[in-house]
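Structure first, commentary second.
The values are calculated or read from the model by the stated rules, or taken from the named source; none is laboratory data. All figures in this text were calculated on a predicted structure; none of them were measured in a lab. A quick note on method: Cβ atoms are made from the backbone with ideal geometry, for glycine too, and the neighbour counts reach across all protein chains shown. Note: areas computed on protein heavy atoms with side chains; ligands, DNA, RNA excluded. Shrake-Rupley method; radii C 1.70, N 1.55, O 1.52, S 1.80 Å.
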Amino acid sequence: MRMALPRFAAMRDRMALRSAKQQMAAYLVTARAAAIRRSATAVFAVQSSTISARVKLPDGTQSSLGGKVPLLSARGVTVAPSISAADSIIAYDSRGMANLQATRVYLLTRNSKKDSICVSRLGLIAQYCGQ
């Protein structure tokens, strides 16, 4: 039984990381789709390992696209602690294009396990960035 405990811990870390990555990818896709569908600007944001998505409505108000998800408290996953405030937001225009100068890489970590999600200038998501 003692031999299996480290393996269970590593498996738990991988599963939590995978789940957080899928949820983050879903929020990115949701924000981009909302921008296209509503012909408006939609924003994906990461703040203190909490992700959120919202769309800016024509009357100037903003509508949440699923609420805030605290990845650190919910799954024990941190999102790129070195991301600056300017790099933590992606705005999609009505065509679904991201406001990026270059591909954005978000690094997700839990204990010793790491994974990443990349967002291209076109707003497309790659779940394998070679990280």
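Give segment 14-26 a look and list any residue that's surrounded by fewer than 19 Cβ atoms within 10 Å (Cβ to Cβ) and either touching a residue at least 24 places away in the same chain (Cβ under 8 Å) or not in a helix (DSSP H, G or I) (or both), or say none.
Arg14, Arg18, Ser19, Gln23, Ala25
Which of the following residues is over 20 Å from Cys118 (Cα atoms) and at pLDDT below 90: Ala40, Ala9?
Exactly one residue qualifies, and that residue is Ala9.
Could you list, in sequence order, the residues of segment 85-117 that are over 30 Å from Phe8 (Cβ atoms), surrounded by 17 or more Cβ atoms within 10 Å (Cβ to Cβ) and touching a helix residue (DSSP H, G or I) at 6+ places or on another chain (Cβ under 7 Å)?
Tyr92, Gly96, Arg104
Just give me the residues in segment 27-40 being open to solvent by 20 Å² or more (accessible area, probe 1.4 Å) and of a type outside the set (Gly, Ala, Ser), in sequence order.
Tyr27, Val29, Thr30, Arg32, Ile36, Arg37, Arg38
If Pro81 meets every condition in (1) at pLDDT 95 or above; (2) open to solvent by 60 Å² or more (accessible area, probe 1.4 Å) apart from one, which number is that one?
(1)
Tell me, which strands (runs of 3 or more DSSP E) wholly within segment 35-131 include 2 or more residues that are among the aliphatic types (A, V, I, L, M)?
Here the list reads 42-47, 50-56, 89-92, 104-110, 113-119.
Being out of contact with any strand residue (DSSP E or B) (no Cβ under 7 Å at 6 or more places or on another chain), acidic (Asp, Glu) and either over 20 Å from Gln127 (Cβ atoms) or at pLDDT below 90 (or both) is the requirement here; does Asp87 meet it?
Here the answer is no, as Asp87 does not meet what is asked.
Just a yes or no: is a residue in segment 41-55 farther than 17 Å from Thr30 by Cβ and open to solvent by less than 60 Å² (accessible area, probe 1.4 Å)?
Yes, because at least one residue in segment 41-55 is farther than 17 Å from Thr30 by Cβ and open to solvent by less than 60 Å² (accessible area, probe 1.4 Å).
If the Cβ limit is 7 Å and pairs must be 6+ apart or interchain, which residue in segment 89-114 that is at positive phi pairs with which residue that is surrounded by 14 or more Cβ atoms within 10 Å (Cβ to Cβ) and charged (D, E, K, R)?
Gly96/Arg32; Asn111/Asp13
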